[in-house]
1. Cβ neighbours within 10 Å, averaged per peptide: list A:217-228, A:149-160, B:182-193 in order, most packed at the top.
2. Select from A:Tyr13, B:Val237, A:Ser110 the residue farthest towards the positive end of the dipole of the protein assembly as shown; place +1 on Cβ of Lys and Arg, -1 on Cβ of Asp and Glu, and compute about the Cα centre.
3. Show me, for the range A:86-94, the HN-Hα J-couplings you get by feeding each phi into the Karplus relation (A = 6.51, B = -1.76, C = 1.60, θ = phi - 60°), rounded to Hz, glycine and proline as x.
4. With charges set only on the Cβ (+1 for Lys and Arg, -1 for Asp and Glu), what does the dipole of the protein assembly as shown come to about its Cα centre, in debye to the nearest 20?
5. According to the Kirkwood expression over distinct Cα-Cα pairs, how big is the hydrodynamic radius of the range B:201-252, in Å?
6. Taking every pair of alpha-carbon atoms in the range A:159-218, what share in percent sits in each 5 Å bin, from 0 to the bin with the longest distance?
7. Among A:177-188, B:31-42, A:201-212, how do they line up from the highest to the lowest mean number of other beta-carbon atoms within 10 Å?
8. Angle check, please: helix B:140-152 long axis (alpha carbons) against the longest principal axis of chain B (alpha carbons), in degrees 0 to 90, nearest 10.
Amino acid sequence: MLIFRILKNLGGYSLFMTQVFRKPEKFRVFLKLFFREVDDLGMSSVGIVSFFSFFIGAVVSLQMAYNMGDNPFIPLSYIALATRESIILEFAPTMISIVLAGKVGSYIASSIGTMKVTEQVDALEVMGVNSISYLVAPKIAAAMMFFPILIVMSMFLGILGGWVASVGSGVCTSSDYILGLQSYFKPFYVIYALIKTEFFAFAIATIPSFYGYKVSGGALEVGRSSTLAVVWTSITIILLNYILTQLLLV
Amino acid sequence: MVKVEKIHKSFGNNEVLKGIDTEFHKGKTNLIIGQSGSGKTVFLKCLVGLHTPDSGEIFFGDKKYSNFNIKEERQLRMDIGMVFQGSALYDSMTVEENVMFPLSMFTEQTKEEMLVRVNEVLSRVNLDNANDKFPSELSGGMQKRVAIARAIVMKPKYLFCDEPNSGLDPNTAIVIDNLLQEITVEYDITTIINTHDMNSVMEIGDNIIFIKEGFKEWEGSKDEMFTTDNPAILEFVYSSELFKKVRETYNN
Ligand SMILES: Nc1ncnc2c1ncn2[C@@H]1O[C@H](COP(=O)(O)OP(=O)(O)OP(=O)(O)O)[C@@H](O)[C@H]1O
Ligand SMILES: [Mg+2]
């Protein structure tokens with residue numbers, strides 16, 4: 001039964017999370033791991049996030065122009081406004097987090113899963129290292145610190161992409177676009193997006209870690225659990241997105 | 001000294017260990033032998049605390065493991081060195097970082113002090129120029145030696161090795177076996193080695209425990225192994241043609 005499996009995994013996940021915050025390592029050790037994770041999880045994603053954001057921003061602005069362009073009652077500056085809103089509210093925080101769930105999530109699940117099957121996790125435990133806290137806590141910290149930076153970057157690049165595409169293809173002028181960007185701006189939308197991002201970052205760091213930890217067996221199981229990790233992280237992000245939007249915007 | 005009393009361990013319906021009693025001696029290489037799947041790894045993992053036995057007691061020195069408080073447990077962790085069946089080196093770290101890892105986690109030594117100790121144990125296992133290599137760049141035998149170096153870097157009192165020479169050619173296997181025996185005598189530690197390699201038994205079997213179907217079937221030294229009439233032992237060791245010949249010559 002799917003529902004029992006979900007409940008069982010939720011229970012396992014909760015127990016797992018209590019281990020993360022027990023018996024932390026020396027701060028010096030933590031800091032070193034933290035910077036390595038910032039590199040592995042964050043910096044390495046800058047390229048793909050930039051690429052996605054720029055082109056999706058471009059497409060969104062062209063679609064807006066297509067929808068509004070023929071209507072003489074809608075000012076052209078609204079192309080920019082609508083692009084800005086969809087990127088800040090939804091595209092940057094949610095879609096980019098889904099992309100990160102795929103890229104970072106599979107990396108986390110397979111790297112921890114491999115450590116599990118090659119007994120590297122056991123080697124940590126035998127030495128007296130709390131392996132869960134050692135492996136997962138720096139990932140949580142790095143994701144929660146760095147993903148908001150990625151998301152803000154994505155917002156800028158998405159809006160920039162929209163400008164390049166709409167001005168470049170002549171659907172509106174640069175001053176229309178800039179006027180649109182400046183109108184009716186609600187700073188809370190950015191805060192809302194960043195709050196969502198923090199929740200998503202936590203999910204992306206912890207759910208794949210949990211799946212990585214559950215691996216026993218060999219390479220096949222590592223692959224399987226990495227797929228499951230991405231699927232369940234994405235589902236969690238979509239559900240969290242709905243819940244948080246209800247709570248924050250309604 | 002490590003002593004176990006009536007260790008039981010099951011996974012679901014699969015009862016792997018059915019009450020093992022035995023004692024491992026200090027300054028000796030204690031070998032656990034048995035067929036593949038007989039539960040050697042499970043037994044070793046129970047001893048080091050990676051599996052919790054369903055019942056039974058383990059003694060380190062004369063203290064019951066189940067009575068250890070947090071401080072004693074932490075000390076015990078530093079007193080235990082373990083070499084895993086697949087070496088279990090951290091593949092994101094170089095050889096030097098692997099060996100230094102326990103020192104950096106559990107001591108307050110400076111980088112220079114740690115490096116001195118690391119180089120000392122690396123040269124002890126005859127690996128002098130591999131500090132900056134990653135585990136994936138090493139051969140299986142070299143990986144095993146790094147794993148041994150990492151296991152002894154904290155000067156443990158107890159050294160556990162899970163098939164330290166499986167997958168190695170006979171020459172390298174003997175080098176590793178002798179290394180383990182030398183370390184055992186030199187540091188006067190309790191060494192416990194899982195193996196199904198009869199060569200190892202003949203090389204370094206100070207004290208041998210034979211596990212079969214979850215029980216300790218037989219115990220003795222390698223010399224006693226040449227003369228015993230225990231049918232299970234005969235069946236196990238006579239599967240090796242070489243050992244059969246050796247035993248026959250020995251007894252004549
Ligand atoms: N984590 C586990 N969960 C369930 N069953 C296990 C687990 N670990 C081991 N077993 C079972 O315990 C039995 C003994 O396995 P073990 O790995 O100890 O054998 P072994 O003597 O070390 O064999 P080998 O010489 O091949 O390493 C096997 O039947 C195995 O299926
Ligand atoms: Mg084994």
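The values are calculated or read from the model by the stated rules, or taken from the named source; none is laboratory data. Because the structure is a prediction, the values reported are computed rather than measured. All Cβ positions, glycine included, derive from the backbone under ideal geometry; neighbour counts span all protein chains shown. Heads up: the accessible areas ignore ligands, DNA and RNA and are worked out on the full protein's heavy atoms, side chains in. Shrake-Rupley method; radii C 1.70, N 1.55, O 1.52, S 1.80 Å.
1. A:149-160, B:182-193, A:217-228
2. A:Tyr13
3. 5, 6, 5, 6, 10, 4, 4, x, 8
4. Charge dipole, the protein assembly as shown, about its Cα centre: 1400 debye, nearest 20.
5. Hydrodynamic radius (Kirkwood, Cα only) of the range B:201-252 equals 11.3 Å.
6. Spelled out bin by bin, the range A:159-218 gives 4, 14, 13, 11, 11, 11, 10, 8, 7, 6, 4, 2, 0 percent.
7. Descending packing order for the listed peptides: A:201-212, B:31-42, A:177-188.
8. Long axis of B:140-152 versus the principal axis of chain B: about 70 degrees.
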